[in-house]
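No lab work stands behind these numbers, since they all come straight from the coordinates. Only a predicted model underlies this, so the values are computations on that prediction, with no experimental measurement involved. Every residue, glycine among them, receives a Cβ derived from its backbone with ideal geometry; neighbour counts consider all protein chains shown.
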Amino acid sequence: MIDIHTHILHGIDDGPSQAEQSVKLLKLQKSMGVDKVILTPHFYSEHSTIDMFVLNCKSAFNNLMLNIEGDQAGEVIPDLLLGAEVLYNPSLVSFEDIDKLAIFGTDYILIELPYTKQFEYSIIDSLDRMMCNYNLTPIIAHIDRYPYIGKNLSIVNELIDIGCMIQVNADSVINPQMRDFIWALMDESLIDFVASDCHNLADRKPNVPDALKIVSEEYSKDYISHLDKVAARTFG
Ligand SMILES: [Fe+2]
């Protein structure tokens, strides 16, 4: 099992502040059956250059690895991949080094859409250009969190039509109030990944297996193995 969206890397964003907390989160992930975790700290282009962000992430990652070694936790944590959750803005496609924000060793980039009331359709063109110019495949982070999606699945279909992949948060699968929306997406096979977007051990904790259990009760085990296959094909 792979968790492709997490805020476990310490000291970068609103995830843990200390490496010890990151190690605890990783141990919990492994104990729940998660074999691989992608570390996706927030990247906001108005707060940092890409180079500075990447430098900070690599430094935190190296520090985390030292802590894992010191804790002799290598066997009890999942494999790790460094990435980012990149907040969309219109100037993003003008950054010629945007590929540095892709998930390490891949051409996939996790994109957080803006939280505006209305969807800005120029985003579709912009993401399309990102794919053509930089050969990157956007994975749209937590499609369940944007106000303009609601029951309007046509936006989701347009994103998929240009080649985007779609991620939902495990929290929304677990939340009964979101269930109809999630099932509507799954009925149409619009979901590629269920991820935790976890930040801590309290109110935003790792929970992918809990969400997948609910999915398997509604659909068949085949659906879970389909999600596993997509994740393995993309990041395995
Ligand atoms: Fe996130």
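Name the GluC sites (Glu not before Pro) in region 75-127 that are in a loop by DSSP and that have at most 10 other C-beta atoms within 10 Å, would you?
The qualifying sites are Glu96.
Take the Cα pairs of region 51-186, get the Kirkwood Rh, then feed it into Stokes-Einstein at 20 °C and 1.002 mPa s and tell me D in µm²/s.
Here the translational diffusion coefficient equals 128 µm²/s.
Counting other Cβ atoms within 10 Å, which trypsin sites (Lys or Arg not before Pro) in region 25-74 have at most 10 and lie in a DSSP loop?
Nothing satisfies the criteria.
For the chain, what is the mean residue ellipticity at 222 nm derived from helices alone (per DSSP H run of n ≥ 4: -39500 (n - 2.57); sum divided by total residues; nearest 500 deg cm²/dmol)?
-12500 deg cm²/dmol
Quick one: give the max-minus-min coordinate of the C-alpha atoms of region 2-235 along each principal axis, largest first, in Å.
Extents along the principal axes: 49, 44, 30 Å.
Please sort by residue number the trypsin sites (Lys or Arg not before Pro) in region 76-154 whose DSSP state is loop and whose Cβ has at most 12 other Cβ atoms within 10 Å.
Lys117, Lys151
Would you work out the charge dipole size for the chain about its Cα centre, treating the Cβ of every Lys and Arg as +1 and the Cβ of every Asp and Glu as -1, and quote it to the nearest 20 debye?
I would put it at about 360 debye.
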